Each structure stands twice: as C-alpha cells, then as structure tokens.
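See structure below.
Values quoted throughout were computed directly from the atomic coordinates according to the rules given, and no laboratory measurement underlies them. These numbers come from a predicted model, not from an experiment. Cβ sites come from the backbone with ideal geometry, for glycine too, and all protein chains shown count toward neighbours.
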Amino acid sequence: YVDFSDVGWNDWIVAPPGYHAFYCHGDCPFPLADHMNSTNHAIVQTLVNSVNANIPKACCVPTELSAISMLYLDENEKVVLKNYQDMVVEGCGKG
C-alpha cells in the first residue's frame, strides 16, 4: 500500500489517501514458459544467463498496468480530478 502521507504528498493530494500499487518480483528460470508473457529481450537474456552466469537472469516486471483517479490541489490551490495512467500493477511477466 502506498500511503501518500508516508512520502509527503498528503499536502497536495486530496484523495485518495493512498492506494494499492502492487508489484512484481522474482527472476526467470530457464527455459521460459509461455504463460510468463516474456519479452524477446527476456528470452535472450535468460538464454545468455544459462551459458554465462555473470549475465543476470531476466526478472519479473509489470506487463499490465491500470490507472487511478486522484483529486489534488494545483498550483492555484484549485481541486483537480485527474486520471493517472500506469499506477496499479494488474499483471506480471518476464522482462
């Protein structure tokens, strides 16, 4: 959970007080499975890692994000409603 008061944004964000951003984590085993939504880069990086351990494995990254709506105070202290894109992780894959 991202609490806007924890990052000092509660002085300009009116609502919501925070939101569930979620996150992705983990690395990729070799070989990559189809359900992992892997990018071509992740496939190549994972293949190279399988022959050279000095190259890091591809990691789990957001593959689908959604927006949140926020009320905030603009520079003139007027309340503005804005839809912020790519704020909530909805799906993960290997990137």
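In straight Cα distance, which aspartates and glutamates are under 12 Å from K82, not counting same-chain residues fewer than 8 positions off? The qualifying aspartates and glutamates are D74.
Note on the chain: dipole from Cβ charges, positive end direction compared against H25, F4, M70; the farthest Cα belongs to H25. Peptide packing for 19-27, 85-93 was compared via the average number of neighbouring C-beta atoms within 10 Å per residue; ordered from the highest value, the list is 85-93, 19-27.
Please label the shape of the chain as rounded, prolate or oblate, based on the square roots a ≥ b ≥ c of the eigenvalues of the alpha-carbon gyration tensor (a/c under 1.5 means rounded; beyond that, a/b larger than b/c means prolate, else oblate). Cα axes put the chain in the prolate bin.
Close amide-amide hydrogen proximity is noted between G93 and V61, T63, each under 5 Å apart and 5 or more residues distant or on a separate chain (H modeled in the peptide plane; Pro and chain starts excluded). A simple count of charges around C59, restricted to other residues whose Cβ falls under 10 Å of its Cβ and scoring Lys, Arg +1 and Asp, Glu -1, yields +1. Straight-line reach from K94: which aspartates and glutamates fall under 16 Å, measuring Cα to Cα and dropping same-chain residues less than 8 apart? The reachable aspartates and glutamates, counting only those whose Cα sits under 16 Å from K94, are D27, D34, E64. Between the helical axis of 40-51 and the longest alpha-carbon principal axis of the chain there is an angle of about 50 degrees.
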